[in-house]
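The values are calculated or read from the model by the stated rules, or taken from the named source; none is laboratory data. None of the values given here were measured: they were computed from a predicted structure. With ideal geometry, Cβ positions are generated from the backbone for all residues, glycine too; neighbour counts draw on all protein chains shown.
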């Protein structure tokens, strides 16, 4: 009986010390892992390694959750769920190579170009999610959202502060370039922050426009040419051509409904 009480007392001491050292998982797992180690006859060092491993895994998981939340993805997407067979112009090995994150370490860009509904946003979020898992700081914007934030920052005299914060991200995703028009001042603000990231941080851009059409968005030919020159200097350009994913899913649902309706009718 005294041995049990002594063991419980020792465990309480370990738990208190772990909490004081801000090791919550050690405090939580010390007891269960201790009993498991006794059953297996594990050494003290193996037990200690098991406890510390649980603490590390918990911290990594919590850190990943924080990075994913801070990235502000509109939806959850991974590369595992992307249908590469539907986009024959896209190289799956190239995409999986990008997912290893070397382009971020090299401060290179990725431009996903193609018609609406071919999975550009899915790919961008998938690559960015992989980056979060590797510890990179990521932020997602639609181009319209970014231009709106830049306008607000300019009006509130905090554009320099916004730019400094913008440069802290390892990877920025700009989604839907070309979908929503903006005026010349908005184009200048967007050019300014993109130029600031040149060789200082990576950008993923999704667009339904070819480079020759970008002047329709930015208005000024010289500014457009300068921006394209910076973005493509060290860039991976992926072209997605194919049938819209959303159209195919809608067609599948309609066919399923028709099939079920035919079964009921018979």
Original post:
Which of (1) in a loop (DSSP other than H, G, I, E, B); (2) in contact (Cβ under 8 Å) with a residue 24 or more places away in the chain; (3) over 17 Å from the mean Cα position of the chain (by Cα); (4) farther than 17 Å from residue 83 by Cβ does residue 116 not meet, given it meets every other one?
Top reply: (4)
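For residue 186, indicate whether it is assigned by TED's automatic domain parsing to the domain that holds residue 114 and over 25 Å from the mean Cα position of the chain (by Cα). First the steps, then the outcome.
Values: assigned by TED's automatic domain parsing to the domain that holds residue 114: yes; over 25 Å from the mean Cα position of the chain (by Cα): yes.
Here the answer is yes, as residue 186 does meet what is asked.
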**OP:** Looking only at segment 150-166, count how many residues are closer than 20 Å to residue 198 by Cα and touching a helix residue (DSSP H, G or I) at 6+ places or on another chain (Cβ under 7 Å).
**Re:** 5
Original post:
With (1) in contact (Cβ under 8 Å) with a residue 40 or more places away in the chain; (2) surrounded by fewer than 16 Cβ atoms within 10 Å (Cβ to Cβ); (3) farther than 25 Å from residue 241 by Cα as the list, and residue 183 as the residue in question, which single condition is left unmet?
Top reply: (1)
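For every residue, the table says whether it meets (1) in contact with a helix residue (DSSP H, G or I) (Cβ under 7 Å, 6 or more places away or on another chain); (2) assigned by TED's automatic domain parsing to the domain that holds residue 124.
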| position | (1), (2) |
| --- | --- |
| 31 | yes, no |
| 40 | no, no |
| 51 | yes, no |
| 60 | no, no |
| 72 | no, no |
| 85 | no, yes |
| 91 | no, yes |
| 94 | no, yes |
| 106 | no, yes |
Original post:
In segment 28-45, what residues are at pLDDT below 70 and assigned to a helix (DSSP H, G or I)?
Top reply: 44, 45
Original post:
Out of (1) within 10 Å of the chain's Cα centre (by Cα); (2) surrounded by fewer than 20 Cβ atoms within 10 Å (Cβ to Cβ), the odd one out for residue 129 is which?
Top reply: (2)
**OP:** Can you tell me which residue among 209, 146 is buried (at least 19 other Cβ atoms within 10 Å of the Cβ) and touching a strand residue (DSSP E or B) at 6+ places or on another chain (Cβ under 9 Å)?
**Re:** 146
Subject >> Unmet requirement for residue 122, which otherwise passes all of (1) in a helix (DSSP H, G or I); (2) farther than 30 Å from residue 87 by Cα >> reply: (2)
